[in-house]
Amino acid sequence: DTEVTQTPKHLVMGMTNKKSLKCEQHMGHRAMYWYKQKAKKPPELMFVYSYEKLSINESVPSRFSPECPNSSLLNLHLHALQPEDSALYLCASSQDSVTALYEQYFGPGTRLTVT
Amino acid sequence: AQSVSQHNHHVILSEAASLELGCNYSYGGTVNLFWYVQYPGQHLQLLLKYFSGDPLVKGIKGFEAEFIKSKFSFNLRKPSVQWSDTAEYFCAVGDQAGTALIFGKGTTLSVSS
């Protein structure tokens with residue numbers, strides 16, 4: 001099973017709402033990632049978890065809060081977002097966080113619209 | 001800092017035409033190279049990767065890429081494209097010291113039947 005699943009597929013939320021995005025993989029991967037992708041643009045790295053610990057935060061605003069409850073799950077908690085945060089949010093995983101050795105597997109993404 | 005350049009923003013081809021998409025990176029150390037594809041409405045999929053060994057790598061769906069170290073390039077090729085190859089193509093680089101992939105801006109390929 002080389003699948004990364006993400007829920008929900010689509011999410012519309014107001015600027016005062018609190019919501020969460022979920023990501024799951026059952027490949028035994030120890031590194032998980034959140035990316036943000038705008039239309040026709042490359043993915044931009046937001047966070048990296050390695051062995052369930054946050055190892056990289058790419059200066060992401062605090063209205064995005066990641067959580068890794070266990071090695072298979074990754075959440076992204078959203079609060080007080082802005083319309084410019086509307087994008088496709090991608091989760092990825094790899095066997096380890098050393099990109100030299102392992103490829104990343106991407107999920108289908110959650111398309112987020114902030115109204 | 002590392003960077004990845006994809007020179008072609010939008011490529012339009014007819015079916016059966018040959019394809020070459022350029023990718024150059026700037027990094028002096030050892031890198032690993034990837035091409036990802038994103039079909040309309042679908043998620044990013046790995047087309048092929050280069051870690052070491054034979055610089056000509058073959059991927060899925062008839063794609064191949066050649067790593068030329070002296071030119072810092074990793075161009076993607078396909079001898080004969082199909083309408084179903086219409087997609088966004090991203091080149092990405094990972095260095096041995098880092099934990100993040102650096103993506104190029106992407107190339108939109110449109111194939112007409």
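What the table shows:
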quantity: Shielding by partners, peptide B:100-113 (average Cβ within 10 angstrom, other chains); calculated: 3
quantity: Placed amide H near residue B:86: partners under 5 Å, 5+ positions off or other chain; calculated: B:111
quantity: Candidate aspartates and glutamates for bridging to residue A:36, where Cα separation is under 15 Å - those fewer than 8 sequence places away on the same chain excluded; calculated: A:44, A:58, A:84, A:85
quantity: Relative contact order (percent, whole number), chain A, Cα cutoff 8 Å, 6+ residue spacing; calculated: 37
quantity: Isolated Cys residues of chain A, judged by Cβ distance under 4.7 Å to other cysteines; calculated: A:68
quantity: Rg to Rh quotient for the stretch B:65-113, alpha carbon positions, Kirkwood Rh; calculated: 1.06
quantity: The stretch B:104-113 - phi-based ³J(HN,Hα) in whole Hz, Karplus 6.51/-1.76/1.60, Gly and Pro as x; calculated: x, 6, x, 10, 8, 9, 10, 10, 9, 8
quantity: In sequence order, calculated HN-Hα J values of the stretch B:44-54 (Karplus, 6.51, -1.76, 1.60; Hz; x Gly/Pro); calculated: 4, 10, 6, 8, 6, 8, 10, 10, 5, x, 4
quantity: Other-chain or far-sequence residues with amide H under 5 Å of residue A:3's (modelled H); calculated: A:26
quantity: For residues of A:41-49, the mean tally of beta carbons on other chains within 10 Å; calculated: 4
quantity: Protein accessible area in chain A, 1.4 Å probe - carbon and sulfur %; calculated: 50
quantity: Overall Cα dimensions of chain B, principal axis frame, Å, largest first; calculated: 43, 27, 21
quantity: Under 5 Å, built H, 5+ apart or other chain: amide partners of residue B:75; calculated: B:23, B:66, B:68
quantity: Rg to Rh quotient for the stretch A:1-109, alpha carbon positions, Kirkwood Rh; calculated: 0.94
quantity: Eligible lysines near residue B:58 by straight Cα distance, threshold 25 Å, same-chain separation 8 or greater; calculated: B:49, B:69, B:71, B:78, B:105
quantity: Average partner coverage of B:33-42, which counts Cβ from other chains inside 10 Å; calculated: 2
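The values are calculated or read from the model by the stated rules, or taken from the named source; none is laboratory data. These numbers come from a predicted model, not from an experiment. Glycine also receives a Cβ, built like all others from the backbone with ideal geometry; neighbour counts cover every protein chain displayed. When the accessible area is computed, the model is the full protein with side chains, heavy atoms only, and any ligands, DNA or RNA have been set aside. Shrake-Rupley method; radii C 1.70, N 1.55, O 1.52, S 1.80 Å.
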